[in-house]
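The values are calculated or read from the model by the stated rules, or taken from the named source; none is laboratory data. Everything numeric here is computed off the predicted structure, so don't read it as measured data. Note that we place each Cβ from the backbone using ideal geometry, even for glycine, and neighbour counts take in every protein chain shown. Note: areas computed on protein heavy atoms with side chains; ligands, DNA, RNA excluded. Shrake-Rupley method; radii C 1.70, N 1.55, O 1.52, S 1.80 Å.
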Amino acid sequence: MKSETWIFVACTIFFVLVTPAYALVTGASEHGLDWTGTSALTMATLLTGMVSLYLGFHAKRMEARPEDRKDGEIADGAGELGFFPPYSWWPLWCGATLAIIVFGAAMAAYWLMIIGGALGAIALAGLVFEYYRGEHAH
């Protein structure tokens with residue numbers, strides 16, 4: 001995980017340098033400071049910093065993977081990789097209900113947000129409990 005950590009650290013450093021430069025350049029223009037771009041770059045800085053810290057903490061706690069070792073071989077990474085869920089429609093319905101809620105908020109149609117919230121609760125329950133019923137039950 002050390003290589004991934006350094007990639008995100010480099011991105012964080014880039015955003016730390018670019019965000020104030022962007023704010024200064026847009027602040028000097030005739031339209032004034034661009035709050036949208038500045039806030040987006042600030043949030044990107046915080047996001048990459050958060051991922052960097054997460055990966056850094058886990059890289060110290062884990063033993064080195066074959067990808068992180070200089071003497072690592074391809075065969076060292078063979079074996080069980082983990083659980084991958086089978087095909088599911090529930091993420092599509094969760095995303096669709098979130099789109100309905102966001103569309104309702106953008107159009108100030110609060111009745112649509114309520115309908116989206118109710119449908120979202122059903123879709124989220126389906127996503128969470130899909131492995132308790134049906135053909136994929138454990």
Q: Output the residue which, of all residues in region 34-66 that are of a type in the set (S, T, N, Q) and surrounded by 13 or more Cβ atoms within 10 Å (Cβ to Cβ), is nearest to ASP76 (Cα to Cα).
A: SER52
Q) Before we move on, is ARG69 basic (Lys, Arg), open to solvent by 50 Å² or more (accessible area, probe 1.4 Å), farther than 30 Å from TYR131 by Cα and touching a residue at least 40 places away in the same chain (Cβ under 8 Å)? A) no
Q. Can you pull out the residues in region 6-33 that are of a type outside the set (Gly, Ala, Ser), more than 26 Å from the chain's Cα centre (by Cα) and open to solvent by less than 90 Å² (accessible area, probe 1.4 Å)?
A. THR26, LEU33
**Q.** Any hit, region 82-90, residues being within 24 Å of PHE14 (Cβ to Cβ) and either of a type in the set (Gly, Ala, Ser) or not in a helix (DSSP H, G or I) (or both)
**A.** no
Q. SER3 versus (1) outside any helix (DSSP H, G or I); (2) open to solvent by less than 80 Å² (accessible area, probe 1.4 Å): which is the lone unmet condition?
A. (1)
Q: Could you tell me which of the residues PRO86, PRO91 is touching a helix residue (DSSP H, G or I) at 6+ places or on another chain (Cβ under 7 Å) and either within 24 Å of GLU4 (Cβ to Cβ) or exposed (fewer than 10 other Cβ atoms within 10 Å of the Cβ) (or both)?
A: PRO86
